[in-house]
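Below is one structure; the comments refer to it alone.
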Amino acid sequence: MKKYNYQTPVGMIWIGDYDGKISNISFSEIEGEKIETPVIKKMYAQLCEYFEGKRKIFDVPLHIDGTSFQVKVWQELLKIPYGKTVSYKDIAAKIGNSNASRAVGMANNRNKIAIVIPCHRVIASNGDLTGYAGGLDIKKYLIELENKYSL
């Protein structure tokens, strides 16, 4: 995997490229060799547009790697419209197992492609913000950003 770091409005992120597809977007700085590939550059450009409120849909190829359950959850997350939130229970019901809210939460926790696979749009049934790999401050920022530009 090739990877590269960038500074963003939510702090340092790194973007990973596996075989010409985006495999990772994570909230941290990477150590070691950094290689900026064309698909990483394209992903960063689209993230910049997203943070400026100019992009609502990403169109880079994704390398989605996980269990069949995780992939099913992540595919459902990709259907959540920009500026909208749904509950873990809603996602569980959409994938055909209304009792799988916790498992949906764990799949969200394992999502390697933050923002593009929008696990930040999944909240508790009572409306509370819960769990996010980048921290709740970033989750809140992303939801507020989308709300601001979804009009």
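The values are calculated or read from the model by the stated rules, or taken from the named source; none is laboratory data. Since this is a predicted model, take the numbers as computed values, not measurements. Please note: Cβ atoms are built from the backbone with ideal geometry, for glycine as well, and neighbour counts cover all protein chains shown. Remember, those area values only see protein heavy atoms, side chains included, never the ligands or the DNA or RNA. Shrake-Rupley method; radii C 1.70, N 1.55, O 1.52, S 1.80 Å.
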Could you tell me which of the residues Glu36, Glu29, Glu76 is out of contact with any helix residue (DSSP H, G or I) (no Cβ under 7 Å at 6 or more places or on another chain), among the charged types (D, E, K, R) and at pLDDT 95 or above?
Glu36
Which one of these does Ile25 not meet: (1) under 21 Å from Ile80 (Cβ atoms); (2) of a type in the set (Val, Ile, Thr); (3) part of a loop (DSSP other than H, G, I, E, B)?
(3)
Taking the range 80-111 and keeping only residues that are among the hydrophobic types (A, V, I, L, M, F, W, C) and open to solvent by 70 Å² or more (accessible area, probe 1.4 Å), one is left with Met106
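Val60: touching a Gly at 6+ places or on another chain (Cβ under 8 Å) and open to solvent by less than 70 Å² (accessible area, probe 1.4 Å), yes or no?
Numbers: touching a Gly at 6+ places or on another chain (Cβ under 8 Å): no; open to solvent by less than 70 Å² (accessible area, probe 1.4 Å): yes.
No: the conditions fail for Val60.
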For a quick check of your reading of the model, give me the residue pairs whose first member lies in the range 125-147 and is modelled with pLDDT of 90 or more, whose second is loosely packed, with under 15 Cβ neighbours inside 10 Å and part of a helix (DSSP H, G or I), with beta-carbon atoms closer than 8 Å and at least 6 apart or on different chains.
Leu129/Leu136; Leu129/Lys140
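Have a look at Tyr50, Tyr82 and point out the one that is in contact with a Ser or Thr (Cβ under 7 Å, 6 or more places away or on another chain), aromatic (Phe, Trp, Tyr) and not in a strand (DSSP E or B). Reasoning before the result, please.
Working: Tyr50 fails: in contact with a Ser or Thr (Cβ under 7 Å, 6 or more places away or on another chain).
Matching residue, one of Tyr50, Tyr82: Tyr82.
Return the residue satisfying two criteria in turn: it lies in the range 112-129 and is within 12 Å of the chain's Cα centre (by Cα) and either open to solvent by 70 Å² or more (accessible area, probe 1.4 Å) or of a type in the set (Val, Ile, Thr) (or both), and of such residues it is farthest from Phe27 (Cα to Cα).
Quick first cut of the range 112-129, residues within 12 Å of the chain's Cα centre (by Cα) only: 112-122.
Going one step further and asking which of them are either open to solvent by 70 Å² or more (accessible area, probe 1.4 Å) or of a type in the set (Val, Ile, Thr) (or both), we end up with 112-113, 115-117, 122.
On the way: Lys112: 10, Ile113: 10, Ile115: 10, Val116: 13, Ile117: 14, Val122: 18 Å.
Within the range 112-129, the match that is farthest from Phe27 (Cα to Cα) is Val122.
Residue by residue, here is whether (1) modelled with pLDDT under 95; (2) in contact with a strand residue (DSSP E or B) (Cβ under 7 Å, 6 or more places away or on another chain); (3) among the basic types (Lys, Arg) holds:
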position: Ile15; (1), (2), (3): no, yes, no
position: Lys21; (1), (2), (3): no, yes, yes
position: Lys41; (1), (2), (3): no, no, yes
position: Ala45; (1), (2), (3): no, no, no
Which one of these does Glu33 not meet: (1) open to solvent by less than 50 Å² (accessible area, probe 1.4 Å); (2) out of contact with any Ser or Thr (no Cβ under 7 Å at 6 or more places or on another chain)?
(1)
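Return the residues of the range 88-131 that are among the acidic types (Asp, Glu) and assigned to a helix (DSSP H, G or I); say none if nothing qualifies.
Residues of the range 88-131 that are among the acidic types (Asp, Glu), as a first pass: 90, 128.
Once the filter is applied, which keeps residues that are among the acidic types (Asp, Glu) and assigned to a helix (DSSP H, G or I), the range 88-131 yields only Asp90.
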